[in-house]
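So the structure is just underneath, and the comments pick up after that.
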Amino acid sequence: MASGNSFYITTPIFYVNDAPHIGHAYTEVAADVLARWHRQAGDDTWSLTGTDEHGEKILRTATANGTTPKEWADKLVTEAWKPLLATINIKNDDFIRTTDERHETNVQLFLQRLFDAGFVYSGEYEALYCVGCEEFKPQSEIVDGTGPFEGQKVCAIHSKPLELLQEKNYFFRMSDFTDRLLALYEERPEFIQPESARNEVIQFVKQGLSDLSISRSSFDWGVKVPWDDSHVVYVWFDALLNYVTAVGYGQDEEEFARRWPATHIVGKDILRFHAVIWPAMLLAAGLEVPKQVFGHGWLLVGGEKMSKSKLTGIAPTEITDTFGSDAFRYYFMRAIAFGQDGSFSWEDLSARYQSELANGFGNLASRVIAMVTRYFDGVVPAEAERTDAELVIHAEVSAASDLADASMEKLAVHDAIAAIWRIVDELNGYITDQEPWALSKDEANRERLGTVLYTALEGLRALAVLLSPVLPEATARLWTALGAVGALGALEDQPLREAGTWGQLPAGTQVSALEALFPRIEATVN
Ligand code: MSP
């Protein structure tokens, strides 16, 4: 493994002011499914997640809770953010905290290099700041407040009043990069995805970029500006650098060359930071820009972005405690077109769990294993003469796995799952048509029965491989029940891009009992 192309994927690093809700978990799952897919396909994969711990927002939260920001961050990382990864079964390669020494030192190194190259100057600044976004807001995101904030200017995202800040700051000459960024978007249309996100960014940059304030002097919770320790580095400038400090920037050039550039998965609210500020910073430092920035949509509640500050956050464990982590991963990746907003509903989750996971996939697996146990003492039969019905299944498995890979390549995770699900539907239809239970009644049909059940088992073998990035637990259980561990090796070592090649499960393999992959859920939800 790990001999193929480099694939480095990142999630945003999460603010530790509060515990995660399912919107955060959504970003994590998407990046994890893509990472698992590439890892299993043999690409030299690295997946990074972590936490964003500096800045005024964290400082204020810690102070309000009567503690220091570092103690607060430690607590949230240990009690909330790292446990989230287990809750939704994330297999990350690294977890970076912006308070890590490896990060802080190299943020200073990066900034010093920009300063030495003449890209930083000092000046006075007065503008409206949103602590929720940790951003001086552009005019387009400043709106008039309503209700308790009537008469005030509020942030369009947080609906909270903006603060007028007036400070001496250091500035990054971002305006120098307007034309180079526009040329980049033009030359590499896939650089920002989806298309709607790309268009928005282009419109924004076309208006011309301003220089960016990159330091704060009214508080001290951050990385110190190397040549002036009365300033700390602006939290976004600090945070964006995690993507390079985590893979050796400034300390391990070989590792850095191996991993960088990255594919960044981010919510659309923070797309501009990643598609404008970040590449401008990298260009100024003479580094390669990211491979791709993908802006996904929001989970909505009542038509608005789910958020803790608006008290609409749902904790991921509320879902996984009942449905399990596989169902969580499947539901959000399948039900929402990646790149678009989606409304979460318990009814939709329950309905899909029942019809697609339990009845569609789970039942298929249980029935086939049970029939092999009953009719062939649990030994995988040989495939005898193939009819058109089998050839249709072979072609479908092969086409679906190619289509799934092509969709994952485009980060269209929902399309990839839909393609794989065609195999589930085809196999269910095939079994209904072939009626193995009827074939079993006459010894003269023994070979035909063997062919039908072999076809179903091979289909399940392909499904286990293709679905393991999305449903790691259920597919591992299926893999064991198929007897495939002994015959073919560990599931995560199965080359994903060859999943559609027919005939891999050897006849003679012993299958074993399979408990329901997606058990019936008795408790009524909410
Ligand atoms: N710390 C910054 C990111 C720095 S990256 C260099 C940040 N953190 S965050 O915790 O507020 O958000 C992290 C991610 O969660 C973002 O991609 C954001 O879009 C995502 N989500 C937060 N609420 C969400 C929904 N309701 N729905 C989908 N994603 C959501 O921003």
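The values are calculated or read from the model by the stated rules, or taken from the named source; none is laboratory data. Nothing here was measured: the structure is a model prediction, and the numbers come from that model. Note that we place each Cβ from the backbone using ideal geometry, even for glycine, and neighbour counts take in every protein chain shown.
Before moving on, here are some points about what is shown:
- None of PHE177, PHE136 is surrounded by 17 or more Cβ atoms within 10 Å (Cβ to Cβ), modelled with pLDDT of 95 or more and either touching a His at 6+ places or on another chain (Cβ under 6 Å) or aromatic (Phe, Trp, Tyr) (or both) except PHE177.
- Screening the candidates GLU141, GLU101, GLU134, GLU150 for the property of being of a type outside the set (A, V, I, L, M, F, W, C), within 22 Å of PHE273 (Cα to Cα) and without any contact (Cβ under 8 Å) to a residue 60 or more places away in the chain yields one hit, GLU141.
- Checked against the criteria, GLY208 counts as assigned to a loop (DSSP other than H, G, I, E, B) and closer than 25 Å to VAL266 by Cβ.
- The listed residue being assigned to a strand (DSSP E or B), closer than 15 Å to ILE270 by Cβ and within 15 Å of the ligand (Cβ to nearest atom), out of THR10, THR27: THR10
- In segment 267-280, of all residues being charged (D, E, K, R) and within 11 Å of the ligand (Cβ to nearest atom), the one that is farthest from SER6 (Cα to Cα) corresponds to ASP269.
- Answer from ALA239, ALA284 - the residue that is away from the ligand (no atom under 16 Å from the Cβ), of a type in the set (A, V, I, L, M), at negative phi and at pLDDT 95 or above: ALA284
- Scanning segment 33-55 for residues that are farther than 20 Å from GLU255 by Cα and of a type in the set (Asp, Glu), we see that the one that is surrounded by the most Cβ atoms within 10 Å (Cβ to Cβ) is GLU53.
- Close pairs (6 angstrom Cβ cut-off, 6 or more residues apart or separate chains): of a type in the set (Ser, Thr, Tyr) in segment 16-45, away from the ligand (no atom under 16 Å from the Cβ) and assigned to a strand (DSSP E or B) anywhere: THR45/PHE7
- Scanning segment 287-296 for residues that are within 9 Å of the ligand (Cβ to nearest atom) and either more than 20 Å from the chain's Cα centre (by Cα) or surrounded by fewer than 21 Cβ atoms within 10 Å (Cβ to Cβ) (or both) yields a total of 0.
- Any strands (runs of 3 or more DSSP E) falling wholly within segment 54-152 and containing at least 2 residues that are more than 16 Å from the ligand (Cβ to nearest atom): 120-130, 142-144
- Per-region count, segment 242-266, residues in a loop (DSSP other than H, G, I, E, B), over 14 Å from LYS291 (Cβ atoms) and either within 15 Å of the ligand (Cβ to nearest atom) or charged (D, E, K, R) (or both): 3
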